[in-house]
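Let me begin by presenting the structure, written as structure tokens, before commenting on it.
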Amino acid sequence: MVLTGCSAGTSPGATGPGGPAATGVPSAFAIDQDFPDPDLLRVGTSYYAYATNTAAANVQLATSHDLTTWTVSDVDALPRLPSWALPGKTWAPDVSELSPGRYVMYFVAANAQPSLQCIGVATATAPEGPFVPDGEAALLCPPDEGGAIDPSTFTDSDGARYLVWKNDGNCCGLDTWLQMAPLSRDGLTLAGPAKKLIKAGAAWEGALVEAPVLVRHGSKYVLFYSANNYSGASYAIGYATASTVAGPYRKHGPALLSTASSGGRLLGPGGQDLVSAPGGGDRLVFHSWDPAGVYRGMNVLPLEWSDDEPVITP
């Protein structure tokens, strides 16, 4: 089970009402530098982590063999952007292995015209890249919904593949939904209409939900998501479940992981992914803010299951 999610932007700063810095000291980072919106891919005994851009790279890359010790690469996994994309806003990558020697990356970039965030697709012959954009048009950019961000992929037990994302309605006063559509076999086009899954409604979610990650565990489809304001301590991770991939999805209780539930050790956790550990079991991988609220490092925590629903002890 491997998938992704969330947005880039400026930090909340070390001061200011409700900013992470006022909340506590986070637990140790697996990657102690700016590495937001991590997406994890396991290939054999190797792990590859991809993250939102820095000034030096469109897509960051790190590698590990144990999910504990990481080496951050100085190579850009997506060295060239397509012509529709503006530099400096390449967010929330998701990488999947379609077959041996064939990898596909979905990424968010700022579109020049219309001026929206949109989802692009690129391919590579190795997990570390270089990934090359497929064509010069965005894969998904619905102007009547405010664009699209936070792509992640899910492959069901029957081999059917899906793209899950957030329409970026909060950019422009529109509804914001987590949505899903089937993918073509080569992963380069959508193969059917989009279906709306969930939108914000619970008090802890604030004005939006984003960063969807869909997995199947036993009899249930589990949709992880982040919600609220990513730049503050109110950001948190929740989940919803369904008995079929198309839903309907039912949200479960309060946040699964939040600043409060971690006793202030994790500041604004979100942008999550799920991956299997070397010795078995699952790990929740996500970002949270450093104590000064300057950067978002990568965290890894064990995730357990009860009645096919996630349980986490921060």
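The values are calculated or read from the model by the stated rules, or taken from the named source; none is laboratory data. Predicted model, so just to flag it, every value in this text is computed and none were measured. All Cβ positions, even for glycine, are placed from backbone atoms using ideal geometry, and neighbour counts span all protein chains on display.
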Legend entry - Any pair with Cβ under 6 angstrom, 6 or more apart, that starts in the stretch 150-161 at a residue that is more than 17 Å from LEU178 (Cβ to Cβ) and ends at one that is at pLDDT below 95: none
Inset, instruction - With respect to ALA92, determine if the residue is surrounded by fewer than 23 Cβ atoms within 10 Å (Cβ to Cβ) and within 17 Å of the chain's Cα centre (by Cα). - result: no
Legend entry - PRO143 more than 25 Å from THR52 (Cβ to Cβ) and out of contact with any Cys (no Cβ under 9 Å at 6 or more places or on another chain): no
Inset, instruction - Could you please give the count of residues in the stretch 202-214 that are closer than 15 Å to PRO248 by Cα and surrounded by fewer than 19 Cβ atoms within 10 Å (Cβ to Cβ)? - result: 0
Inset, instruction - Name every residue in the stretch 63-84 that is outside any loop (DSSP other than H, G, I, E, B) and either aromatic (Phe, Trp, Tyr) or touching a residue at least 40 places away in the same chain (Cβ under 8 Å) (or both), in order of residue number. - result: THR63, VAL72
Inset, instruction - With a cut-off of at least 1 residues that are modelled with pLDDT of 95 or more and exposed (fewer than 15 other Cβ atoms within 10 Å of the Cβ), name the strands (runs of 3 or more DSSP E) lying wholly within the stretch 228-314. - result: 296-306, 309-311
Inset, instruction - Look through the stretch 129-138, keep the residues that are in contact with a Ser or Thr (Cβ under 7 Å, 6 or more places away or on another chain) and buried (at least 17 other Cβ atoms within 10 Å of the Cβ), and return whichever of them is nearest to TYR47 (Cα to Cα). - result: PHE131
Inset, instruction - Check off (1) among the charged types (D, E, K, R); (2) more than 17 Å from ALA160 (Cβ to Cβ); (3) surrounded by fewer than 22 Cβ atoms within 10 Å (Cβ to Cβ) for LYS195 and give me the number that stays unchecked. - result: (2)
Legend entry - Some residue of the stretch 149-158 being outside any loop (DSSP other than H, G, I, E, B), at pLDDT below 95 and not charged (D, E, K, R): no
